[in-house]
Amino acid sequence: MSSTRDETICHRIDDRVDASGVTPDGAAWLASAGTYPRSTLALWEERPHAPVVLPCGTAFDIVSAPALFGRRILDRLWDEGPGSGPVAAFRGRMLLFATPGTAQRLPSLLRWEEFGRAAAVPPLLCHGTGDAVTVPAPARGASPTRFGSRWLVAPDTRRPWLPGPEVLLWAAVRAARAAVRISIFPPADQGAKVYDVSRRR
């Protein structure tokens, strides 16, 4: 099979592309992550509403966050930063697509920032080489599965921009600081005596 075959399959699913923006080029990019991209595209041609499991580490890595905290990260990326790459929801978690290598680098950056010390900050799961994730189907009108699998920011090109570990670190730290009030002053000692020094001579 040639690349022409890939393009033909992509164009056949063109009229069923998700309203959130998955295009034939986006589907081709997703499929390129797998060992057999043409088989993935053929599966989507036959079953356009079928989610598929794809390996991480070549076309993308995944940073998985609990839905609420993931939404805060996404808001920071779009409101104050460069935006995001593709983002999907699955089983109550948000999957942020990142540059390959992010899964290896981000955890050490988070530790360096002492990110894990705030108890209210949920852990981020990083999936890279050797891991695989379930991605939503690209078809338009595909209702979310019982696991809530759907695209929030769908891929639309063969080379989508993906955030790297530094960008995601920045967004995660800002999201955490917004979620947890951090004071530079220690909590007041409730048993301390208060003295009025205004009358001191």
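The values are calculated or read from the model by the stated rules, or taken from the named source; none is laboratory data. Because the structure is predicted, anything quoted here is derived from the model rather than measured. Note: ideal-geometry Cβ built from the backbone for every residue, glycine included; neighbour counts use all protein chains shown. Calculation scope for accessible area: heavy atoms of the full protein, side chains included, ligands and nucleic acids excluded. Shrake-Rupley method; radii C 1.70, N 1.55, O 1.52, S 1.80 Å.
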In segment 29-135 the accessible area split gives carbon plus sulfur, as whole percent at 1.4 Å, a share of 52 percent
First measure r as the distance between the Cβ atoms of S108 and Y36, then evaluate 1/(1 + (r/R0)^6) with R0 = 41 Å and state the FRET efficiency to the nearest 0.05. 0.80
Please work out how much length the chain gains when fully extended from H49 to W78, using 0.36 nm per residue of separation minus the C-alpha to C-alpha distance, in nm with one decimal. 7.6 nm
Computed on Cα atoms only, the convex hull of segment 46-119 has an orientation-averaged projected area in nm² of 6.5 nm²
Put a dot 7 Å past each Cα toward the Cβ at E166 and T134; how far apart are the dots in nm? 3.6 nm
